[in-house]
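All of the numbers you see were taken from the coordinates with simple rules; none came from a lab. Bear in mind that the values here come from a model prediction, so they are computed numbers and not experimental data. Glycine also receives a Cβ, built like all others from the backbone with ideal geometry; neighbour counts cover every protein chain displayed.
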Amino acid sequence: MSQQELTEYEERRRADHIEICRATATSLCIRNRLCNLRECRRKRVCSGPMVASPHQAWTVRAQQEVGLSGKACADLPLCIAHKSKETFAIYMTVMGTYRKLWLDDPMTDLMPTAVMSVAMRRLSPKRS
C-alpha cells in the first residue's frame, strides 16, 4: 500500500470517526446536558471542536502498531474528551450502538437518528 493510499484511508477513517463521535455526543451529551458549549445547545447538535483526548491513547497506539499515524481516531468532541472514566464508558457504550448502525449500512447518515433521540427527550410523558 503506497503512502498516498494510506493517507486516503486515514482520511476516510477520520471522517467516519468524526461522524460517529458527533452523533454519539449529540445523543448523549446534549440530551443529558453534559455539553457546556452554547453553540451545541442552541443547535441541539454536536458542533464543537474535536480535541485530543487521553481516553483515546489505546486507539492511537493500536493504529500506530499497524503502521498508521494514529491521527484518524485521536480526537473526541470537547464535551466528552476530558470527562471521567465512568462517563466515558457510558459514551463508548452509546458509541458502540451508533457504530453498529453504521456498520449495518455505511451509507446511513447517523445525525438524524441522534437528533431524533434528543427530540424524543423533550416530549414529556403524560401524567395521570
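A few remarks follow.
- Calculated FRET efficiency, R61 to M116, Cβ-Cβ distance, R0 = 41 Å: about 0.70 to the nearest 0.05.
- Rg over Rh, two decimals, the chain (C-alpha only, Kirkwood Rh): 1.02
- Ordered by the number of other Cβ atoms lying within 10 Å of each residue's own Cβ, fewest first, D109, D104 fall into the sequence D104, D109.
- Rounded to 10°, Cα long-axis angle of helix 85-104 versus longest principal axis of the chain: 80
- Potential lengthening between N36 and L103 on full extension [0.36 nm per residue; Cα-Cα distance subtracted]: 21.1 nm
- Here the relative contact order of the chain, from alpha carbon pairs under 8 Å that lie six or more residues apart, stands at 32 percent.
- At most 12 other Cβ within 10 Å, DSSP loop - trypsin sites (Lys or Arg not before Pro), region 32-87: R33
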